[in-house]
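Enquirer: What follows is a structure written as structure tokens; I'll ask about it next.
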Amino acid sequence: NAGVTQTPKFRVLKTGQSMTLLCAQDMNHEYMYWYRQDPGMGLRLIHYSVGEGTTAKGEVPDGYNVSRLKKQNFLLGLESAAPSQTSVYFCASRAAAIAYNSPLHFGNGTRLTVT
Amino acid sequence: DAKTTQPPSMDCAEGRAANLPCNHSTISGNEYVYWYRQIHSQGPQYIIHGLKNNETNEMASLIITEDRKSSTLILPHATLRDTAVYYCIVRVRGGSQGNLIFGKGTKLSVKP
């Protein structure tokens with residue numbers, strides 16, 4: 001049981017390049033989330049999904065797109081990377097059956113640098 | 001939406017109890033209080049959550065005031081490995097369906 005797995009762990013991009021971050025969970029969780037964390041800012045929600053085929057915007061969605069084609073995977077895409085997107089990205093998931101009472105499970109993060 | 005207020009930093013001596021406070025004065029009746037912690041460069045880790053009653057698990061205890069406007073996370077015997085940023089979070093109701101908004105947390109430093 002791996003929990004929440006994020007790939008890659010590290011990535012360096014040049015401005016304007018695109019990439020996709022992958023999050024996979026093996027806990028059969030309905031809800032999945034992407035957060036970014038910048039120094040001194042805590043975690044900020046980018047996008048989330050409440051089930052396969054559904055996505056929604058969080059606090060800071062601009063510049064990102066997401067897809068949830070399979071229940072276990074949640075992809076975060078950067079179409080044209082900008083230096084402002086240099087950050088640590090965390091994926092999380094949680095069960096939906098008792099959504100008001102189920103904790104988030106986090107991956108260990110993807111460290112992205114955009115030059 | 002309910003917001004939380006935490007002190008930015010606290011120190012605690014190793015072996016002593018660490019008491020981390022959190023104010024959530026606008027909490028709604030059925031919103032849970034969650035605590036997470038983040039050890040440097042790792043993903044946040046769930047600690048405990050509660051609604052009205054005090055809660056205890058193998059990691060910590062959660063004390064919620066009767067009016068539910070504040071809570072305290074207690075680490076009964078802090079160790080150096082408990083040095084981390086601790087987040088107090090109240091689930092945000094509405095369209096986010098179980099979303100959790102994180103603030104900046106409290107940086108706890110456990111000292112020998």
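Every number here is computed from the coordinates shown, using simple stated rules; none is lab data. Nothing here was measured: the structure is a model prediction, and the numbers come from that model. Positions of Cβ are backbone-derived with ideal geometry, glycine not excepted, and every protein chain shown enters the neighbour counts.
Enquirer: Take chain A, mark every one of the trypsin sites (Lys or Arg not before Pro) that falls in a DSSP loop and has at most 11 other Cβ within 10 Å, then report the longest stretch left between them, sites excluded. Present the calculation step by step, with values, prior to reporting the outcome.
Expert: On the way: sites that count: A:Lys9, A:Lys14, A:Lys70.
The longest uninterrupted stretch comes out as A:15-69.
Enquirer: Could I ask something else about it? Across every pair of different alpha-carbon atoms, what Kirkwood hydrodynamic radius in Å does the protein assembly as shown reach? Please list the in-between numbers first.
Expert: Details: mean 1/r = 0.0553 Å⁻¹.
One over the average 1/r among Cα pairs gives 18.1 Å for the protein assembly as shown.
Enquirer: Which cysteines in the protein assembly as shown lack any other cysteine whose Cβ sits under 4.7 Å from their own Cβ?
Expert: B:Cys12
Enquirer: What's the magnitude of the charge dipole for segment B:14-112 around its Cα centre, counting Lys and Arg as +1 and Asp and Glu as -1 at the beta-carbon? Answer in Debye, nearest 20. Walk me through the intermediate numbers first.
Expert: Values: 11 positive and 7 negative charges, 54 e Å.
The dipole of segment B:14-112 has a size of about 260 debye.
Enquirer: Additional query: Which of rounded, prolate, oblate describes segment B:1-56, given a ≥ b ≥ c as roots of the alpha-carbon gyration tensor eigenvalues and a/c under 1.5 marking rounded, otherwise prolate only if a/b is larger than b/c? Show your work: numbers first, answer last.
Expert: On the way: a/c = 1.68, a/b = 1.58, b/c = 1.07.
Note, shape of segment B:1-56 comes out prolate.
Enquirer: Mind checking the dipole of segment A:1-110: about its Cα centre, +1 per Lys or Arg Cβ, -1 per Asp or Glu Cβ, Debye to the nearest 20? Please list the in-between numbers first.
Expert: Values: 10 positive and 7 negative charges, 33 e Å.
With Lys and Arg at +1 and Asp and Glu at -1, about 160 debye.
Enquirer: Then there is this: Under a Cβ-only charge scheme (Lys and Arg +1, Asp and Glu -1), can you give me the dipole magnitude of the protein assembly as shown about the Cα centre, in debye to the nearest 20? Numbers along the way, then the final one.
Expert: Working: 23 positive and 16 negative charges, 74 e Å.
The calculated dipole for the protein assembly as shown is roughly 360 debye.
Enquirer: Please state the relative contact order of chain A as a whole percent: Cα pairs under 8 Å, 6+ residues apart?
Expert: About 35 percent, as a whole number.
Enquirer: Just name one of A:Pro39, A:Ser80, A:Leu13: the one whose Cα is farthest towards the positive end of the charge dipole of chain A (beta-carbon charges, Lys/Arg +1, Asp/Glu -1).
Expert: After comparing all options, I get A:Leu13.
Enquirer: If you take the C-alpha gyration tensor of chain A, multiply each eigenvalue by 5 and take the square root, what semi-axes do you get, largest first, in whole Å?
Expert: Working: eigenvalues 108, 37, 35 Å².
Semi-axes from the Cα gyration tensor: 23, 14, 13 Å.
Enquirer: Kindly give the semi-axes, whole Å and largest first, of the ellipsoid equivalent to chain B, taking each as the square root of 5 times a Cα gyration tensor eigenvalue. Mind showing how you got there, number by number?
Expert: Values: eigenvalues 110, 45, 27 Å².
Sorted largest first and rounded, they come to 23, 15, 12 Å.
Enquirer: Another question about this same structure. Over 32 Å between Cα atoms: which of A:Lys57/B:Lys111; A:Lys9/B:Lys52; A:Lys71/B:Lys104; A:Lys14/B:Lys3; A:Lys57/B:Lys69; A:Lys14/A:Lys57 fall into that group? Numbers along the way, then the final one.
Expert: On the way: A:Lys57/B:Lys111 41 Å; A:Lys9/B:Lys52 39 Å; A:Lys71/B:Lys104 30 Å; A:Lys14/B:Lys3 37 Å; A:Lys57/B:Lys69 29 Å; A:Lys14/A:Lys57 25 Å.
Too far apart for the 32 Å limit: A:Lys57/B:Lys111; A:Lys9/B:Lys52; A:Lys14/B:Lys3.
Enquirer: Within segment B:20-78, which GluC sites (Glu not before Pro) sit in a loop by DSSP and count at most 16 neighbouring Cβ atoms inside 10 Å? Let's see the in-between values first.
Expert: On the way: sites: B:Glu31, B:Glu55, B:Glu58, B:Glu66; in loops: B:Glu31, B:Glu58, B:Glu66.
Passing sites in segment B:20-78 are B:Glu58, B:Glu66.
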